[in-house]
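Here the structure is laid out as structure tokens; the discussion comes afterwards.
The values are calculated or read from the model by the stated rules, or taken from the named source; none is laboratory data. Remember, predicted model here, so these are calculated numbers, not experimental data. Cβ: placed from backbone, ideal geometry, glycine included. Neighbour counts: every protein chain shown. Only protein heavy atoms, including side chains, enter the accessible area calculation; ligands, DNA and RNA are left aside. Shrake-Rupley method; radii C 1.70, N 1.55, O 1.52, S 1.80 Å.
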Protein chains: 4
Amino acid sequence: MATHGTQHLSIGVDVGGTKIAGGLVSEDGTLLGSARRESPATDSSAIVATIADLVEELTATAEGAVRGIGVAAAGFVDRDRSTVLFAPNLAWRDEPLRADLETRLKLPVVIENDANAAAWGEFRFGAGADVDDLLLITVGTGIGGGVVLDGQLMRGGFGIGAEVGHMRVVPDGRLCGCGNHGCWEPYGSGNALVKNTRTEAAQSLLASDLVARAGGDPDDIDGPMISAAAAAGDQFAIDQIKEIGTWLGAGIASLAAILDPTVVVIGGGVSEAGELLVGPVRETFGRLLTGRGHRPTAEIRLASLGNRAGMLGVADLARTPAR
Amino acid sequence: MATHGTQHLSIGVDVGGTKIAGGLVSEDGTLLGSARRESPATDSSAIVATIADLVEELTATAEGAVRGIGVAAAGFVDRDRSTVLFAPNLAWRDEPLRADLETRLKLPVVIENDANAAAWGEFRFGAGADVDDLLLITVGTGIGGGVVLDGQLMRGGFGIGAEVGHMRVVPDGRLCGCGNHGCWEPYGSGNALVKNTRTEAAQSLLASDLVARAGGDPDDIDGPMISAAAAAGDQFAIDQIKEIGTWLGAGIASLAAILDPTVVVIGGGVSEAGELLVGPVRETFGRLLTGRGHRPTAEIRLASLGNRAGMLGVADLARTPAR
Amino acid sequence: MATHGTQHLSIGVDVGGTKIAGGLVSEDGTLLGSARRESPATDSSAIVATIADLVEELTATAEGAVRGIGVAAAGFVDRDRSTVLFAPNLAWRDEPLRADLETRLKLPVVIENDANAAAWGEFRFGAGADVDDLLLITVGTGIGGGVVLDGQLMRGGFGIGAEVGHMRVVPDGRLCGCGNHGCWEPYGSGNALVKNTRTEAAQSLLASDLVARAGGDPDDIDGPMISAAAAAGDQFAIDQIKEIGTWLGAGIASLAAILDPTVVVIGGGVSEAGELLVGPVRETFGRLLTGRGHRPTAEIRLASLGNRAGMLGVADLARTPAR
Amino acid sequence: MATHGTQHLSIGVDVGGTKIAGGLVSEDGTLLGSARRESPATDSSAIVATIADLVEELTATAEGAVRGIGVAAAGFVDRDRSTVLFAPNLAWRDEPLRADLETRLKLPVVIENDANAAAWGEFRFGAGADVDDLLLITVGTGIGGGVVLDGQLMRGGFGIGAEVGHMRVVPDGRLCGCGNHGCWEPYGSGNALVKNTRTEAAQSLLASDLVARAGGDPDDIDGPMISAAAAAGDQFAIDQIKEIGTWLGAGIASLAAILDPTVVVIGGGVSEAGELLVGPVRETFGRLLTGRGHRPTAEIRLASLGNRAGMLGVADLARTPAR
């Protein structure tokens, strides 16, 4: 029976290193209201207070019960969805974020890794809403991942699954922010794109247009400049994005051998390059997938929710009590 | 993994004709705090305001998130647990109680019939905690019922199941408060006990002690007087309780043929008579159950949670979001 | 994904007092083949052998795997769906029917009460396929019942639920085949119809046409004669069916107070009288349901699967392993 | 309620390139009987006939119902568990194995990938019976994998998940049997062990004892010789096993970043080297896991069911009907 006159609302909060964004979300994924704050990134109790303040602002506007608060954060979140074990950018170590927020807000809270939350958002309301098995790759400064299998978010035995950016792709390869060498992230991320581009631009005559966009100094090239140049047809910039896409496609072929998704969704800031990125991803994936020709293969799509995926996803997860 | 430091709290509210009682309840059924108010019985918006006020008092004392508010009320509650369709004693007709309370409290609310809530309480925390299939009969002014089958509360296709007091036991029999003739309630309830006793006491020399307790006027006899006299060994009073127990046992035999519970729990105010009531119930049940001798038979027990069963039960139901 | 080229078949067997009927049934309830045998009713090991023989005949015709064998029988079946505790017409007492058949057939077997099986059949493939909560009343020589609540077959704590024919409707009333007095069955069943009619026909001039159909002797009147006369417009016969319908409607009002089904389905041989029976059922039910006017009420419908309901239902139940 | 006297039996069949082994298995994983046949590997209809013959031999010995037949085979099996999409060693392409076997046997059949089946076996009855999230790595001629997440076998959107041996670990690396370069399998498998050892033995004086075991020709060294020499303390052989273990540990670190198992179980023929293999696996895994020190880490264990894991696992899977 329908629930006449009753909305099943929840609030999703996306905690980033520079800002904290929150939304009041209905059961069908509609964003009914939103708010944001600066992120007091290195002061963990100030973050809790800021989240609580933002939630209270949104709650006051709610027409109906708020069934839960979801908080997405970059970091390792425990199986219980209550403690942030490790969040390099937010200075959190074994932070009992759920308990702190519940004590303050008297509302149920769940914490989730940001890429997991985004995968859930795309699965419920976005580019993967038509399938049961989805792999989300977010290509931003790093590479994040989220996996939905048979309609369930894959969280792992300790809650720390889907850290796909730290699959090793080159033995003794490039140094990664995690301290290891050869992870996927230093080859396929937005940071890799910028770093590769700056290095090559310093040595290549083909980069002249792009260097001009950066005011003459190759070290001032940033991601949006590369995307803009590529969109305008600059072959050097296009090739830089293709390099990233090739590494992404190769990694996705490995992940598809392991996880066998029906759909791979590419999101994150670098995905705004659209087909200039996804084209090379598809090409490499199609060339490297084990058993190709003898099996169905995943479809590779662009994400559709933009930077709201995590907020919408974690708001939806907040409706189900943690176990 | 355990949820260290996080309590799964909820609030249960029992709305009666004369008072409204609420409790802050932990996941294991511990009552952590309680509060009560007079019931503004015939003014439905005043009841909503009073419930909200009581909930806010309890919420303020909570150490952790309050996952939901449960409200138990005598009446028909819809399948959705949101609307009170009909509550004779509370002047409610199609009252959107959940939406009204959620708008005010910003917390998830579920509404449940009071006897269903009490059955769930006894099933989760009381006399039926060891079985999966339970029938609760509450013998108060009327007869209420609640049914747990295979560990699930039986709610019925429209949410109005377990109105066992209105099973017809005598064609063209006594007038019932529901307007029908011959329902079980006018034969086996506390009201029936008092009415039977007053009528017989006016005609019987055996009632002299009980009439004396009532100050000489048979029409001043009430339930506690009958129980007290019976407990003291007064045979007239004992026989009055036995009469009710016999009707209850016969009705339970019919209900056991239909529902086949493993345990029947007898609660409500009249059950305070203990074995004086339950003895005759068991005797009649054992004599009338169809197929007796060729089947396992339900055990008949006294309730163990007293008048907190509904509050504890509905607080527990509030932890599961309504569907 | 669809299961290309693979049929999910099962076999349903309906064990009656005079014959044993079996069917090979597809997942969507299509009867792909059928067979029958005489029932060696009083010899329990001969019944087992006959069932096994019939199953083997049907299995040989199957194009695909047979996932299970369901056996419906009139009697008490334990919670485990393995043992017939008591079957008056089949001389079974604590009969380990499942183990005997599994040892012989090497296929999974489930046993179910016949009316439960028929309720499941109507719920899955027949008159209740559009709802989640259904009460089936089978009006044959006795009154049987089956209940589906929230999409699950109600079996009871001991497996013996839904024996609705033995709800007491008249204190110290007519003797029932179960040994009790006043059960619903001696008022509302096909046997009651025939018995009532013979008694009244012996005393009433209005019965002359019906007595003529019986060759002049009121004691030779049988059910089909009554139905045929009623269908032809004979007012005496119509009134006899109405009498049964009135008792059925009153009992269904009690059952609806307890179980709150969305739909009540009337099946069994007497239901072939159609609207002549169901009209009075509806009229009495509408007049006696507690709280009428303040609640949604169940719809009363004729069964649609005829005497195949039990076979189709138990075949479907056989696809789910017993717990 | 317990199912007195009824066994829930099933049959598991492990189809290999040289032999087909079957077992009759009880619900608790006890092997009640077994049988085997030569594998007519390249003739697919002969394989079906051989499996059917073997199943019939085992069925005849069953004391009770056989609830299903499970068949484990090396290859891609569709989501439906009915069709072998691709099995290089068995000459199967889109083979409708389930339908063929069900038509012949009239019993429900499920097909499963052999490593998935083994993972399920270790999860249900072996080295992972105490956890909910497990990664099995089988190190035989190739590298196989199976994953259990939250108590469910991970099958993937197309049924082809957990092909971990074909994760790329070296760009443009060694040629793999799948046709790709740089897969994990040519670095960490039993074939890799033998190939590495033969090559190095031809060039190294340290290999003299091992070459002697092979009768003087390095190209006659095989796996059991390496294991035996290592067990006897031969440092050259020990180092060869360590080389494989190091590659395995590095790959498992990548897989743990993705899948986050609680336990990693190492099985397959090479695992008979025991701690000589698992020691280096643990050392490398502990050194390379991303986020080590800030997270709980999986325990690495030896498998406990030997070469019966697949048979026991697929027999257990056969009890649950395919969806």
- Among residues of region C:49-69, those that are open to solvent by less than 20 Å² (accessible area, probe 1.4 Å) and more than 18 Å from C:Glu27 (Cα to Cα), counted: 3
- Note on the structure: Condition set within 14 Å of chain A (Cβ to nearest Cβ) and closer than 14 Å to D:Arg174 by Cβ, scope region D:238-252, selection surrounded by the most Cβ atoms within 10 Å (Cβ to Cβ): answer is D:Gly251
- Query: Failed condition for A:Glu275, given (1) under 23 Å from D:Gly159 (Cα atoms); (2) out of contact with any His (no Cβ under 9 Å at 6 or more places or on another chain), with all others met?
  - Reply: (1)
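Can you list the strands (runs of 3 or more DSSP E) found entirely within region B:105-151 that contain at least 3 residues being in contact with a helix residue (DSSP H, G or I) (Cβ under 9 Å, 6 or more places away or on another chain) and within 11 Å of chain C (Cβ to nearest Cβ)?
Numbers: elements: B:109-113, B:134-139, B:143-149.
Result: B:143-149.
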- Message: Quick check on region A:215-237: of everything there that is part of a helix (DSSP H, G or I) and of a type in the set (Asp, Glu), which residue is farthest from A:Arg174 (Cα to Cα)?
- Response: A:Asp220
- Query: Quick one: D:Arg287 ticks every box in (1) within 14 Å of chain A (Cβ to nearest Cβ); (2) open to solvent by 20 Å² or more (accessible area, probe 1.4 Å); (3) outside any helix (DSSP H, G or I) bar one, so which box is it?
  - Reply: (3)
- For C:Leu277, work out the one condition from (1) buried (at least 19 other Cβ atoms within 10 Å of the Cβ); (2) within 13 Å of chain B (Cβ to nearest Cβ) it doesn't fulfil. (2)
- Task: Identify, by number, the condition in (1) crowded, with 24+ Cβ neighbours inside 10 Å; (2) farther than 23 Å from C:Ser204 by Cβ that C:His294 doesn't meet.
- Result: (1)
- Which ones in region B:166-186 are touching a Phe, Trp or Tyr at 6+ places or on another chain (Cβ under 9 Å), more than 8 Å from chain C (Cβ to nearest Cβ) and surrounded by 24 or more Cβ atoms within 10 Å (Cβ to Cβ)? B:Trp184
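For every residue, the table says whether it meets (1) among the charged types (D, E, K, R); (2) surrounded by fewer than 19 Cβ atoms within 10 Å (Cβ to Cβ); (3) at pLDDT below 95.
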{"position": "A:Thr6", "(1), (2), (3)": "no, no, yes"}
{"position": "A:Ile11", "(1), (2), (3)": "no, no, no"}
{"position": "A:Leu24", "(1), (2), (3)": "no, no, no"}
{"position": "A:Gly29", "(1), (2), (3)": "no, yes, no"}
{"position": "A:Ser39", "(1), (2), (3)": "no, no, yes"}
{"position": "A:Ile47", "(1), (2), (3)": "no, no, yes"}
- Taking A:Ala230 as the residue in question, decide whether it is over 21 Å from the mean Cα position of the chain (by Cα) and either within 14 Å of chain D (Cβ to nearest Cβ) or open to solvent by 30 Å² or more (accessible area, probe 1.4 Å) (or both). no
- Query: Which of the residues spanning region C:255-273 are open to solvent by 10 Å² or more (accessible area, probe 1.4 Å) and more than 14 Å from chain B (Cβ to nearest Cβ)?
  - Reply: C:Gly268, C:Gly269, C:Val270, C:Ser271, C:Glu272, C:Ala273
- Of the residues in region B:152-196, those that are more than 22 Å from B:Val264 (Cβ to Cβ) and in a helix (DSSP H, G or I) come to B:Val194, B:Lys195, B:Asn196
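Go through region B:31-44 and report how many residues are touching a residue at least 12 places away in the same chain (Cβ under 8 Å) and either within 15 Å of B:Ala73 (Cα to Cα) or charged (D, E, K, R) (or both). Give the steps one after another, and end with the answer.
As a first pass, look at region B:31-44 and keep what is touching a residue at least 12 places away in the same chain (Cβ under 8 Å): B:31-39, B:41-44.
Pick out the ones that are also either within 15 Å of B:Ala73 (Cα to Cα) or charged (D, E, K, R) (or both) and you get B:36-39, B:41-44.
Count: 8.
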- Note on the structure: In the set D:Arg213, D:Arg198, the lone residue that is charged (D, E, K, R), modelled with pLDDT of 95 or more, more than 23 Å from A:Gly182 (Cβ to Cβ) and open to solvent by 20 Å² or more (accessible area, probe 1.4 Å) is D:Arg198
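For the condition of a type outside the set (D, E, K, R), in contact with a Lys or Arg (Cβ under 8 Å, 6 or more places away or on another chain) and assigned to a helix (DSSP H, G or I), what is the one hit in D:Ala250, D:Ala212?
D:Ala250
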- Query: Could you say which residue among D:Arg292, D:Arg301 is within 14 Å of chain A (Cβ to nearest Cβ) and either in a loop (DSSP other than H, G, I, E, B) or hydroxyl-bearing (Ser, Thr, Tyr) (or both)?
  - Reply: D:Arg292
- Tally, over region A:76-133, of residues that are in contact with a strand residue (DSSP E or B) (Cβ under 7 Å, 6 or more places away or on another chain), surrounded by fewer than 20 Cβ atoms within 10 Å (Cβ to Cβ) and at pLDDT 95 or above: 1
- Task: Tell me, please, whether a residue that is under 21 Å from D:Gly291 (Cα atoms) and charged (D, E, K, R) can be found in region A:149-163.
- Result: yes
- Please indicate, with yes or no, whether at least one residue in region A:311-319 is surrounded by fewer than 23 Cβ atoms within 10 Å (Cβ to Cβ), within 30 Å of A:Phe158 (Cα to Cα), of a type in the set (D, E, K, R) and within 14 Å of chain D (Cβ to nearest Cβ). no
